[in-house]
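Trainee: Just passing along the structure, written as structure tokens.
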Amino acid sequence: MAAAERAPASPPAGLVQGIKQAVADGYPGAVAYVRHGEQESRTAAGLADTATGERALPHQRFRIASNTKSFVSTVLLQLEGEGRLSLDDSVEKWLPGMVQGNGNDGRAVTVRQLLNHTSGIYDPTVEAEFFAPYLVRHDWDHVYTPREVIARAVRHEPKFAPGSGWSYSNTNYLLAGLVIEAVTHHSAPAEIHRRILAPLGLKDTSFPLTDPTIHGPHLHGYDLKGQDVTRFSPSYDWTAGAMISTVDDLARFHRALFTGKLLRPAQQRELLTTVEFPDTPAYGLGVQRMELPCGSGPGALPISVWETDGGGPGFTSVSLTTADGERQLVLAVNVFDLAADLKGEQPVPRSLGLVEAQAAALCA
């Protein structure tokens, strides 16, 4: 059934209550998409713009931050399915000399290890000093190139030997984006558009390189003090998190991805093969498996979902798809305090509303 023909439905009552509670707890606005089988619903609460009083609406765009990573891993998996690369190729093969020095060795790191965060390569975006151009000097247009970020990363020793541990690093996905370009001789955003956005009709999804503005109808993003941080150069995040989308477009992409419409069977298995290390997430290739609590009684059982999420200046979002592909929730709120996060503090308001919204949308 085409998207336009799917049966409309009322959003689950618990979802509506949950996002209203989140707004009451300090998020200016929240938007959500829910699917049960072929029935879709959308809802929103609060404000898109606190200065004008514009209401939050489900069609508004937002920065999806690290949800971008699943687009990148999908392109690389498609390239492997076409025989143009192997996930077991070394980074050195495609990006000679880029990962070297201070104990870093691109010959020992594979493309797969980039995608599942087992490379050990350092992430400079965890440092407050990295964001000084924005947060201290308020130069919201400041541009970092991917190669600049990678160069900063390899000034540090790796956190562990490749394949021997797990640590989330945005550097991994900047390197992954450059691998796409080395293989295809096209820009990574162009390949994402050609292979995913255009075929799926994701017309509200874009990949800005340096433009700090969100164009068209959009949520404004805020820090915990209520400062508007919507204008922010996406350059530092590139293939690690620069994309802009809507709850509908993210839902359409992840429905296609998790139901096997975008990848060949062998690559679908690789996408969903998770790392096994103590006290680490069940992370696959740009996606994560998690168990979502459903109920609190003695007979309550969690459900398994595939998850991507993103948190970056002004915006927090999550996309959840049940393992059977029958239920989805995409939820976005317009607070993420980068300065607080860099200090190791809670970057968003504390609210059980979002947890309640997830359970209401996905638990049978």
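The values are calculated or read from the model by the stated rules, or taken from the named source; none is laboratory data. Everything numeric here is computed off the predicted structure, so don't read it as measured data. Backbone-built Cβ (ideal geometry, glycine too); neighbour counts: all protein chains shown. Heavy atoms of the whole protein, side chains included, go into the accessibility calculation; ligands, DNA and RNA do not. Shrake-Rupley method; radii C 1.70, N 1.55, O 1.52, S 1.80 Å.
Trainee: With springs connecting C-alpha atoms under 10 Å apart, model the chain as a Gaussian network and identify which of 22, 56, 340 has the largest mean-square fluctuation.
Mentor: In the Gaussian network model the winner is 340.
Trainee: If you don't mind, another one. Taking the Cα centre of each part, how many Å lie between the stretch 20-35 and the stretch 239-282?
Mentor: 24
Trainee: Find me the longest stretch of the chain that has none of the exposed GluC sites (Glu not before Pro), where exposed means in a DSSP loop (not H, G, I, E or B) with at most 13 other Cβ atoms within 10 Å. Numbers along the way, then the final one.
Mentor: On the way: sites that count: 38, 82, 127, 276, 345.
It works out to 128-275.
Trainee: Continuing with the same structure: At 1.4 Å probe radius, can you tell me the per residue accessible area of the stretch 84-202 in Å²?
Mentor: On the way: 5000 Å² over 119 residues.
Normalised by residue count, the accessible surface of the stretch 84-202 is 42 Å².
Trainee: For a quick check of your reading of the filter: which trypsin sites (Lys or Arg not before Pro) in the stretch 73-161 sit in a DSSP loop and have no more than 15 other Cβ atoms within 10 Å?
Mentor: Numbers: sites: 84, 93, 107, 112, 137, 147, 152, 155, 159; in loops: 84, 107, 137, 155, 159.
Qualifying residues, ordered by number: 84, 107, 137, 155, 159.
Trainee: Running a GNM on the chain with Cα contacts under 10 Å, which residue among 89, 223, 309 ends up with the highest mean-square fluctuation?
Mentor: 89
Trainee: I need the calculated FRET efficiency for the pair residue 159 and residue 50, taking r as the beta carbon distance and R₀ as 56 Å, to the nearest 0.05. List each step's numbers first, then the result.
Mentor: Working: r = 39 Å, r/R0 = 0.70.
Calculated transfer efficiency: 0.90.
Trainee: Then there is this: Using θ = phi - 60° and the Karplus relation 6.51 cos²θ - 1.76 cosθ + 1.60, list the HN-Hα couplings for the stretch 216-228 in order, rounded to whole Hz, with x at every Gly or Pro.
Mentor: Along the stretch 216-228, the couplings run x, x, 7, 6, 8, x, 9, 8, 5, 8, x, 6, 6 Hz.
Trainee: Can you work out the Karplus-derived ³J(HN,Hα) for every residue in the stretch 47-52? Use 6.51 cos²θ - 1.76 cosθ + 1.60 with θ = phi - 60°, whole Hz, and x for glycine or proline.
Mentor: 10, 7, 9, 6, 6, 9
Trainee: Report the one residue of 43, 128, 83 whose Cα lies farthest in the direction of the positive end of the charge dipole of the stretch 33-132 (charges on C-beta: Lys and Arg +1, Asp and Glu -1; origin at the Cα centre).
Mentor: 43
Trainee: I've got another one for you. Mind jotting down the distance between the C-alpha centroids of the stretch 316-357 and the stretch 76-91, whole Å?
Mentor: 32
Trainee: In 5 Å bins starting at zero, report the fraction of Cα pairs in the stretch 171-226 per bin as a rounded %.
Mentor: Answer for the stretch 171-226: a P(r) of 4, 15, 18, 19, 19, 13, 7, 4, 1 percent.
Trainee: Per residue of the stretch 274-288, in order, report the coupling 6.51 cos²θ - 1.76 cosθ + 1.60 (Karplus, θ = phi - 60°) as ³J(HN,Hα) in whole Hz, putting x for Gly and Pro.
Mentor: 9, 6, 10, 10, x, 6, 10, x, 7, 9, x, 10, x, 9, 10
Trainee: Could you tell me what percent of the accessible area of the chain is made up of carbon and sulfur, with a 1.4 Å probe and every protein chain present?
Mentor: C and S fraction of accessible area: 53 percent.
Trainee: While we're looking at this one, here's another question. Taking a ≥ b ≥ c as the square roots of the eigenvalues of the Cα gyration tensor of the stretch 292-354, is the shape rounded (a/c under 1.5), prolate (a/b larger than b/c) or oblate?
Mentor: Numbers: a/c = 2.89, a/b = 1.77, b/c = 1.63.
It is prolate, given that a/c is not under 1.5 and a/b is the larger ratio.
Trainee: Which links in 20/203; 20/159; 159/225; 69/203; 203/261; 69/343 stretch past 30 Å when you go from one Cα to the other? Let's see the in-between values first.
Mentor: On the way: 20/203 28 Å; 20/159 41 Å; 159/225 34 Å; 69/203 19 Å; 203/261 19 Å; 69/343 24 Å.
With Cα atoms farther than 30 Å apart: 20/159; 159/225.
Trainee: Could you state, as a whole-number percent, how many of the C-alpha pairs of the stretch 128-196 are farther apart than 17 Å? Numbers along the way, then the final one.
Mentor: Working: 1375 of 2346 pairs.
When every Cα pair of the stretch 128-196 is considered, 59 percent fall beyond 17 Å.
Trainee: For residue 223, what residues show an amide H to amide H distance below 5 Å, using hydrogens built from the backbone and excluding near sequence neighbours?
Mentor: The list, which skips near neighbours in sequence, is 229.
Trainee: Within the stretch 250-284, report the trypsin sites (Lys or Arg not before Pro) that DSSP leaves as loop and that have at most 13 other Cβ atoms within 10 Å. Spell out each step's value before the answer.
Mentor: On the way: sites: 252, 255, 261, 269; in loops: 261.
Here the sparse-neighbourhood loop sites are 261.
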